Ligand code: AHM
Ligand code: MG
């Protein structure tokens, strides 16, 4: 069958015919981000031959060891944002604080971009799937200079979000609130072509995705929810299958297309407190935005991810993402577990 021939460029030009100026700028910004994605793709393809595997020796602000590819992806995306002239500031999992760009007299930089430059970085050395995830906010006011307050915003205020999945194919998935669309890179042509238009997440699926090795440390309610999915009394009416790659982008992509649920709940730490691992602004929020725009849902189990007002750039949350049926069921079971705990502690 002949290839469907709608390039990302043509798709954006078509959307721009009915777009406002904000959206025309977004097309330019997305073009820059996909250019960075193609450069990162090239580096990933030959990483094992070019001494690009392994660690840099540094640790990032999250106390995680930085991989060489993390650093490369971060620098490439930062440069792409800066060169666009459209971005006043960027924040990333790999940077301690937000970077505010010197715009060399160019005015009108209205966007903040926040990203996880290389998601799933434990997969780098084993040729597993990886991702780059981005959130885009538009400044509330174009007066003065953009500040950190323009970056610390709830997901309901997102202007756009998306990811690039580096798997057997390289795919871009994005939404600017006009549906969720996916594009696949044709490596020979060097262009992204539309492969999925207006993605809708199924109302339920038959797969769950969670790190079961840490089951004993999951927050209350998660084990009961997973037990339910493994039973005939699940939303699918049969036991679910497990799929977990260690790359949120790849695991979410499966759930987006086929339905089901991804969870990285809060887990009990050595300090006796429960806390999330995944970052609100770089991971949870953009993927919850895509889930929402495709008819799915993102939640901590107790509140929608998109309602959380961030208080710090590197804030972490418990994350449940997926089809309506599974996420609602998880919320119900978690609320019950929390109420039971409260009753026990009062008794
Ligand atoms: P990273 O962005 O530093 O790679 O960390 C995020 C990754 C997610 O992609 C994945 O879902 C999770 O961490 C895996 O963590 P774990 O190995 O604890 O299951
Ligand atoms: Mg990540």
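The values are calculated or read from the model by the stated rules, or taken from the named source; none is laboratory data. In this text the structure is predicted, and so the values were computed from the model without any measurement. Glycine gets a Cβ as well: all are built from the backbone with ideal geometry, and neighbour counts include every protein chain shown.
The figures follow:
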{"quantity": "Residue 80 being assigned by TED's automatic domain parsing to the domain that holds residue 157, out of contact with any strand residue (DSSP E or B) (no Cβ under 6 Å at 6 or more places or on another chain) and in contact (Cβ under 8 Å) with a residue 12 or more places away in the chain", "calculated": "yes"}
{"quantity": "Top-ranked residue in region 239-273 [being on the phi > 0 side of the Ramachandran plot and within 15 Å of ligand 1 (Cβ to nearest atom); ranked as surrounded by the fewest Cβ atoms within 10 Å (Cβ to Cβ)]", "calculated": "246"}
{"quantity": "Test for residue 345: is it free of Cβ contacts under 8 Å to residues at least 60 places away in the same chain and on the phi < 0 side of the Ramachandran plot", "calculated": "yes"}
{"quantity": "Answer residue from region 267-300, given it is more than 15 Å from ligand 2 (Cβ to nearest atom) and closer than 18 Å to residue 313 by Cα and is nearest to the chain's Cα centre (by Cα) among those", "calculated": "289"}
{"quantity": "Any chance residue 112 is under 25 Å from residue 153 (Cα atoms), assigned by TED's automatic domain parsing to the domain that holds residue 139, touching a strand residue (DSSP E or B) at 6+ places or on another chain (Cβ under 8 Å) and within 15 Å of ligand 1 (Cβ to nearest atom)", "calculated": "no"}
{"quantity": "Candidates 302, 290, filtered to the one that is closer than 20 Å to residue 330 by Cα and not in a loop (DSSP other than H, G, I, E, B)", "calculated": "290"}
{"quantity": "Check on residue 246, within 16 Å of ligand 2 (Cβ to nearest atom) and in a loop (DSSP other than H, G, I, E, B)", "calculated": "yes"}
{"quantity": "Selected residue [without any contact (Cβ under 8 Å) to a residue 40 or more places away in the chain, over 21 Å from residue 307 (Cα atoms), surrounded by fewer than 24 Cβ atoms within 10 Å (Cβ to Cβ) and within 16 Å of ligand 2 (Cβ to nearest atom)] from 94, 65", "calculated": "65"}
{"quantity": "Evaluation of residue 198 against (1) in a loop (DSSP other than H, G, I, E, B); (2) within 15 Å of ligand 1 (Cβ to nearest atom) (one fails), failing number", "calculated": "(2)"}
{"quantity": "Selected residue [in contact with a strand residue (DSSP E or B) (Cβ under 8 Å, 6 or more places away or on another chain) and in contact (Cβ under 8 Å) with a residue 24 or more places away in the chain] from 178, 185", "calculated": "185"}
{"quantity": "Test: residue in region 321-343 that is within 24 Å of residue 158 (Cβ to Cβ), within 16 Å of ligand 2 (Cβ to nearest atom) and touching a helix residue (DSSP H, G or I) at 6+ places or on another chain (Cβ under 9 Å)", "calculated": "yes"}
{"quantity": "Residues located in region 206-238, provided they are closer than 23 Å to residue 278 by Cα, more than 14 Å from ligand 1 (Cβ to nearest atom) and in a loop (DSSP other than H, G, I, E, B)", "calculated": "219, 220, 221"}
{"quantity": "Candidates 321, 313, 329 - the one that is within 16 Å of ligand 1 (Cβ to nearest atom), closer than 17 Å to residue 229 by Cα and either at pLDDT 95 or above or not in a strand (DSSP E or B) (or both)", "calculated": "321"}
{"quantity": "Failed criterion for residue 130 (all others in (1) under 25 Å from residue 54 (Cβ atoms); (2) surrounded by fewer than 20 Cβ atoms within 10 Å (Cβ to Cβ) hold)", "calculated": "(2)"}
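For every residue, the table says whether it meets (1) touching a helix residue (DSSP H, G or I) at 6+ places or on another chain (Cβ under 6 Å); (2) farther than 27 Å from residue 245 by Cβ; (3) modelled with pLDDT under 95; (4) not assigned by TED's automatic domain parsing to the domain that holds residue 317.
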position	(1), (2), (3), (4)
116	yes, no, no, yes
122	no, no, yes, yes
126	no, no, yes, yes
137	no, yes, no, yes
142	no, yes, yes, yes
155	yes, no, no, yes
165	yes, no, no, yes
187	no, no, yes, yes
212	no, no, no, no
